[in-house]
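Here's the structure we're looking at; comments come further down.
The values are calculated or read from the model by the stated rules, or taken from the named source; none is laboratory data. Just so it is clear, the structure is predicted and the values come from calculations on it, not from any experiment. Virtual Cβ from ideal backbone geometry, glycine too; neighbours counted across all protein chains shown. Heads up: the accessible areas ignore ligands, DNA and RNA and are worked out on the full protein's heavy atoms, side chains in. Shrake-Rupley method; radii C 1.70, N 1.55, O 1.52, S 1.80 Å.
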Amino acid sequence: MSETTIHNPHDFLVKQAFGHKEVMVDFLASRLPKETLQRIDLSSLRLTNKSFGTKKGKAKHSDLIYAATISGQAGYLYISLEHQSEEEKYMPLRQLEYNVLLMRQHLEEGHKTLPLIVNICLYNGLQPYQGPVTLLELFAHPDIAKQYLVEGYHLVDLRSDSIEKIEQDKKAALAGLVLKQGKFRDFCQWIDRYEALLSLLAGPYNDRIYQYMFTLDPNKKGILERIERLEDPTQKQIAMTAAQYLRQEG
């Protein structure tokens, strides 16, 4: 093969060499930590045809994705080549972007759980690699990122929260209470029961509250009848304005 047909010699060599299972097995056995290696069934290693594009839509041919059994679960070994003269500052983010695509594809194939993924970056730049190797290093406040991005998101479960608990949200309380009821698409009795809250928890979005009710609840006539009986003139005006707006919108 002539040199003119090899547009990127780095990518070419990585794909041709590490595309062989026996080469990959030796590489992993030599390079991975023992505790990680013990979890991987190297006999199950097989090269996949999965590939993902960059943000510019170009395929990354240097990326190799091997499927393997990891800790008794289907998983992947993701190999990427970094051969730029300068290290990739956002390599952990780039790996995460590819990992998410790989996870989504894994689920679309019928799997019920996310695959385990071992990311490996093979670097051959001119300078010693000093870039970040963890996603947390890219954050200004890694402790907060670790708590809410890596370890889990903060769940606000309106379904199980009591009315009193939601009321503690102050200006956000009315939205929470209406969303809690919105699942049932029935606001007539709700208005009768919590009419005082419409005034007590009034906020800058009250007109949207009534639009939400009208949109979800098929008994719009019943809602209008209750709005007409509202004692708070401000709330009545806001509600009637919202109803008129929806009429104009058809």
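Annotations for the structure displayed:
- The number of Lys pairs in the range 144-199 with C-alpha atoms less than 26 Å apart, excluding pairs fewer than 8 positions apart on the same chain, is 6.
- Å² per residue, accessible surface of the chain at 1.4 Å: 66 Å²
- D (Stokes-Einstein, µm²/s), Kirkwood Cα radius, the range 157-250, 0.692 mPa s at 37 °C: 246 µm²/s
- Theoretical ellipticity at 222 nm over the chain - DSSP helices of four or more residues, -39500 (n - 2.57) apiece, nearest 500: -13000 deg cm²/dmol
- For the range 95-183: rounded, prolate or oblate by the Cα gyration tensor [a/c cutoff 1.5]: oblate
- Principal axis box of the chain, alpha-carbon based, largest edge first, Å: 84, 41, 37
- To put it simply, the accessible area of the chain at a 1.4 Å probe is 53 percent carbon and sulfur.
- For the range 93-122, the list of trypsin sites (Lys or Arg not before Pro) that fall in a loop by DSSP and count at most 10 other C-beta atoms within 10 angstrom reads 112.
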